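Working notes for the structure below.
No lab work stands behind these numbers, since they all come straight from the coordinates. From a predicted model like this one, the values you see are computed outputs, not experimental measurements. Every residue, glycine as well, gets a Cβ built from its backbone with ideal geometry; the counts of neighbours run over all protein chains shown.
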Amino acid sequence: MHMQSKKIIWGLTLITLFILSVLVFTPLVIPKGIFTPELFGLPYTLWVGMLVYFFFFLLIIIGVSVHSKIFREEEND
Amino acid sequence: MIKWFWIFSIGFVLLLVFVSLKAIRKNKSIDDFMLAGSNIGALLGILTYAAALFSAFIFIGVPDFFRVHGVGAWIFLPVADGVMFFMMFWFGFQLRKKAREVGYKGMAGMMSRIFETRWAGYVVFIAAFIFLIPYVAIQIRGISMFFTAIFPNALPPYGWAIVIIGVMIIYSEIGGLKAIIFSDAIQAVLLLTVLAIIGYNSVRYFGNVKELFDQVQQVDASLLSVPGPKNLFTVQFLLASFLAIILLPVTQPQFSSRIVIMKNMKETYKMAAGVGLIAIVVFIATALIGMSGAVRYPGLPTQEFIQNALLFDQAGVIAALAIVGLFAAVLSTSNAQLFALGSEFRSLLSRDEKTNFRWTKIALFVFALIVFVFSTQMSDELVLLARMSFAGTSMIAPIIIVGVISKRKPGIEIIVFSCMSLIVFLLTLFNLIPSVLYNMRVDLSLHTLLFFISILSIFIRKTHIKVSKT
C-alpha cells in the first residue's frame, strides 16, 4: 500500500473516531427514557453502546496498523 | 471457602515473593528500579496497564454503578475507555518521541524542562498528588471494609489498611517498578478469570440475558435507559466524564509511565489493542454482575451487594479466588499509583542520583502514610471519587499535551490557565463555587476553555513549528 493511501486511511480513522464520539452523546445512542428496540434481550442504549465500543476497537486495530507504518519510531536500544 | 482462601492466599504471597526476588535480580541501576529498565514487552505491558486501570474501582465500583444507575454506565466508562485506548498509542507515540529528546524520569520533571520553568513540573505534581492520594485511599478503605465484613473477628478496618499498605511498601521499596509490574500481571490474570466466571454465573442464575433484563425492567425500568433512576447520566455528565477518561494516559502518571517504559513503539501498539480486547470481557462481566444485582439486591448498601455477588452467591473456590483477586487488584493498582507519584517526585529533584533516590524512597513511605490516614476518613462513593480523580488531573492535560507536541518552548499561559482551572475545580469540590454555572457543568466549561486557550497559544506562539536557533 502506498504511503498516500495509508495517510488517507489514518485521516479517515481519525474523522470516524471523532464523528462516532460525537454521536455517542446524541439521542441516537442515548435516547432519554427509551430502551427499545432491544437486541438479544439487551436494552437499546446498552447494545448500541456495545456496538460503539466494538467500532472503537476496530478503529484501534486499523489505527495501530496504519499509524505504525506512517510514523516509524527509532528503536530505543 | 476458607480452605480455598488459604490455598490461594499462600499461592499469591509466594508468587509475590518470587516476582520480587526476580525483580531484585533484574534491577542493576536506579533507573532499572524506578522505570523497570524501560524494556517491557507487549504481554507484560498489556497486563500491567490493565491492572493499573482495572482496579477495585472495576471490581467493586462498576458493578455497583450499573446496579444503582443502570445501563448508562456503559456510556460512562467502556465507551470512553474505547477512545482512551486509541489515545494510548497516538499520545504514546508523541510522548515516547519527546522522552527521547528531553529525557524522562517522570512527567513533572519532563514538563519543567520543556517549559523551562519548574512551575510546570510543580503544577503537574501537585495535581497528581491531590487527586491520586484520595483515589488510592478509597480503594484501600473499600477492601479494608470488605475484609472486616468477611472476617469480623480478625482485624478492624484500619488493621487491614495497615496490612495492605505494609505489603505494598515492602515489595515496592525492595523490588521497584519491575516487581509492581510482575504483580500487576498476576492481578490482571486473576481479575479477568474471576470477573468472567462471576459474570457468567450472574446470567446463568436467570437462565439467559433476555430474562435478566426482563426482570430488571420489572424492578425498575429506568435502569434500562439514561439518565437512570437518579438522573446521574445527563449528557453533560457523560461528556465531562468522557473527556476526563480519554485523557487518562496523558494526565495520570501510572499510565503515562507505563507507555514510556515499553520496549519500543511496536510493543506499545500491541499494548493498546490488547488492553482494548481485555476490556471487552471486563466490562461485559461487570455490566452483567451489576444488572443481576439490580434484580437480586436492589436496596442493599454497596458493601452487602458486593459480598453477596462476589462471595455468597458463588461456589467456595470462586469466592476464595474473588477475595484474593480483589486484594491483588487493590494492592497492584494502589502500588502503581503510589509508585508513579514517587517517580514524579524524583523527576523534580535536582541533586545527585543517589540522594534523589533516597528522598524518593522516603517520599514513597510518607505518601503511604498519608494514604493510610485518608483511608480511615473517606466516603464509600468509589466510582464518583475515581471520576473526581480523573476530572481533577484532566485540568493539567493542556500542560502535558502542548508540552509533548510542541516543537519549541510553549507559552507560560498554558501553565497559568491550567493552574487556575485546577483551583476552580477544587473550589467546586468544596462547594465554594457551584458545580453548575449558567446551566453548564463547571468541569465541562473548564475543559472547553482550556481547549481553546491551548489552540490559541499554540498558533499565536507558533510552538508547533520548529525554528532552528541562530
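In this simple spin-label model, placing a label point 7 Å from the Cα along the Cα-to-Cβ direction at both B:Glu304 and B:Val189 gives a separation of 3.8 nm. When the pairs A:Lys6/B:Lys407; A:Lys6/B:Lys26; B:Lys22/B:Lys270; B:Lys98/B:Lys270; B:Lys270/B:Lys409 are compared against a 29 Å limit on Cα-Cα distance, A:Lys6/B:Lys26; B:Lys270/B:Lys409 fall above it. In order along segment B:337-347, phi translates into HN-Hα couplings of 5, 5, 5, 5, 5, x, 5, 4, 4, 4, 5 Hz, rounded to whole numbers, per the Karplus curve 6.51 cos²θ - 1.76 cosθ + 1.60 with θ = phi - 60° and x for Gly and Pro.
If R0 equals 45 Å, the separation of the Cβ atoms of B:Phe129 and B:Ile7 corresponds to a calculated FRET efficiency of about 0.70.
About its Cα centre, the protein assembly as shown has a charge dipole of approximately 1840 debye under the convention of +1 per Lys or Arg Cβ and -1 per Asp or Glu Cβ, with nothing else charged.
Charge tally around B:Gly70: other residues with Cβ under 13 Å, Lys/Arg +1 each, Asp/Glu -1 each, net +1.
Across peptide B:69-75, the average count of Cβ atoms from other chains found within 10 Å of a residue's Cβ is 6.
When you filter the trypsin sites (Lys or Arg not before Pro) in segment B:283-360 for DSSP loop state and at most 13 other Cβ atoms inside 10 Å of their Cβ, you are left with B:Arg351. With the charge dipole of segment B:2-381 set up from +1 on Lys and Arg Cβ and -1 on Asp and Glu Cβ about the Cα centre, the Cα lying farthest toward the positive end among the listed residues B:Val19, B:Leu47, B:Gly37 is that of B:Gly37.
Cα-based radius of gyration for chain A, normalised by 2.2 N^0.38 Å, reads 1.48. Which lysines have a Cα less than 18 Å from the Cα of A:Lys32, not counting those fewer than 8 places away in the same chain? Counting by Cα, and skipping residues close in sequence, A:Lys32 has these lysines nearby: B:Lys230. Calculate, for B:Ser435 and A:Phe18, the FRET efficiency according to 1/(1 + (r/R0)^6) with r their C-beta to C-beta distance and R0 41 Å; round to the nearest 0.05. After rounding to 0.05, the efficiency reads 0.90. Note on chain B: Cα convex hull, mean projected area over all directions, 21.9 nm². Of the residues B:Gly276, B:Ala108, B:Ser334, the one whose Cα sits farthest towards the positive end of the charge dipole of chain B is B:Ala108 (charges of +1 on Lys and Arg Cβ, -1 on Asp and Glu Cβ, taken about the Cα centre). Normalised by 2.2 N^0.38 Å, where N is the number of residues, the C-alpha radius of gyration of segment B:263-411 stands at 1.38.
With contacts taken as Cα pairs under 8 Å at a separation of at least 6 residues, segment B:2-381 carries a relative contact order of 39 percent.
Estimate the FRET efficiency between B:Thr376 and A:Lys6 by the formula 1/(1 + (r/R0)^6), using the beta-carbon distance for r and 41 Å for R0, to the nearest 0.05. Taking R0 as 41 Å, the efficiency between B:Thr376 and A:Lys6 is 0.15.
Applying the Karplus relation 6.51 cos²θ - 1.76 cosθ + 1.60 with θ = phi - 60° to segment B:187-200 yields 3J(HN,Hα) values of 4, 4, 5, 4, 4, 5, 4, 4, 5, 4, 5, 5, x, 4 Hz, where x marks Gly and Pro. Diffusion coefficient (Stokes-Einstein, Kirkwood radius over C-alpha pairs, 25 °C, 0.890 mPa s) for segment B:1-113: 138 µm²/s, rounded to a whole number.
If you bin all the Cα-Cα distances of the protein assembly as shown at 10 Å, starting from zero, the percentages per bin are 4, 18, 30, 28, 15, 4, 0, 0. With a cut-off of 14 Å on the backbone N, the residues of segment B:100-141 near the modelled label site 7 Å out from B:Ile423 along Cα-Cβ are B:123. With a ≥ b ≥ c taken as the square roots of the eigenvalues of the C-alpha gyration tensor of segment B:289-342, please select rounded if a/c is under 1.5 and otherwise prolate if a/b is larger than b/c or oblate if it is not? Judged from the Cα gyration tensor, segment B:289-342 comes out oblate (a/c at least 1.5, b/c at or above a/b). Counting Cβ atoms of other protein chains within 10 Å of each Cβ in B:209-222 and taking the mean gives 2. Listed peptides B:239-251, B:435-447 appear in the order B:239-251, B:435-447 once ranked by packing, highest mean of other Cβ atoms within 10 Å at the front. The convex hull around the C-alpha trace of segment B:139-223, projected and averaged over every direction, spans 8.2 square nanometres. For segment B:305-393, the gyration tensor built on C-alpha atoms gives a prolate shape. Its axis ratio a/c (a ≥ b ≥ c) is at least 1.5, and a/b is the larger of a/b and b/c. Taking other residues whose beta carbon is less than 11 angstrom from the beta carbon of B:Val124, and scoring Lys, Arg as +1 and Asp, Glu as -1, yields 0.
Computed per residue of chain B from DSSP H runs no shorter than four, each worth -39500 (n - 2.57), the mean residue ellipticity at 222 nm is -25500 deg cm²/dmol. In this structure the amide hydrogen of B:Val226, modeled in the peptide plane, comes within under 5 Å of the amide hydrogens of A:Gly33, A:Ile34, none closer than 5 places in sequence on its chain. 3J(HN,Hα) along segment B:2-11: 4, 4, 5, 4, 5, 4, 5, 4, 5, x Hz, from the Karplus curve 6.51 cos²θ - 1.76 cosθ + 1.60 with θ = phi - 60°, whole Hz, x for Gly and Pro.
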